[in-house]
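Below: the structure, in structure tokens.
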Amino acid sequence: MERTYKVYSITNGTVIDHIPTPQALSVVRILGLGNEGILTIGIGFSSKRLPGGKDIVKVENRELSRDETDMIALIAPEATINIIKGGVVAEKRRISLPDSVKGVVACPNPNCASNVLGAESKFDRVGGQDPIYRCHFCERTTRIVPELLVRTRGR
Ligand SMILES: [Zn+2]
């Protein structure tokens, strides 16, 4: 890990490590980070922990909040978060599934009001270790997968 950050170092910001390949771009989408600041995305690093390889996303000059980084758990629960300040790791953060998810995930029910009327989607977590959520509108229960991501978060 030390070596990785020396080669691809940032002085201040957030490093999201141990993203299973090739989910880096889904992580960028779920965070809604498309057009703010410098993003560095590395895909396909070898990893002891992830035999299929790992991706790394670095967000320069931005300390992601816990609410933001918890969104990553929906698609990459193994990911690790490092907050970098002054060139050193100031915080190592564990992530856990968010209790509710707004806007970034489409309901798989085509007749759902969120799809028919274009209302902002909202899901509440059902519980357990898996990312199983219930739609606020039609109450369909679904597992969150990257294919359900609709867009970057509105702002
Ligand atoms: Zn729905």
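Å³ per residue of the Cα convex hull, for the chain?
105 Å³
Pairs of Lys residues in the chain are counted when their Cα atoms are under 26 angstrom apart and they lie 8 or more places apart or on different chains; the count is 14. For the chain, the relative contact order is 24 percent, taking Cα pairs closer than 8 Å that sit 6 or more residues apart in sequence and dividing their mean separation by the residue count. Taken over the stretch 37-91, the alpha-carbon convex hull comes to 101 cubic angstrom per residue.
The length gained on full extension between residue 99 and residue 40, counted as 0.36 nm times the residue separation minus their Cα-Cα distance, comes to 18.4 nm.
When only alpha carbons of the stretch 56-128 are considered, Rg and Dmax amount to 15.6, 50 Å.
With Cβ to Cβ distances under 10 Å as the rule, what net charge do the other residues near residue 84 carry (K, R +1; D, E -1)?
Net of charged neighbours comes to -1.
The equivalent ellipsoid of the stretch 2-93 has semi-axes of 18, 16, 12 Å, largest first, where each one is the square root of 5 times an eigenvalue of the Cα gyration tensor.
Values in this text are rule-based calculations from the coordinates and carry no lab data. Nothing here was measured: the structure is a model prediction, and the numbers come from that model. All Cβ positions, glycine included, derive from the backbone under ideal geometry; neighbour counts span all protein chains shown.
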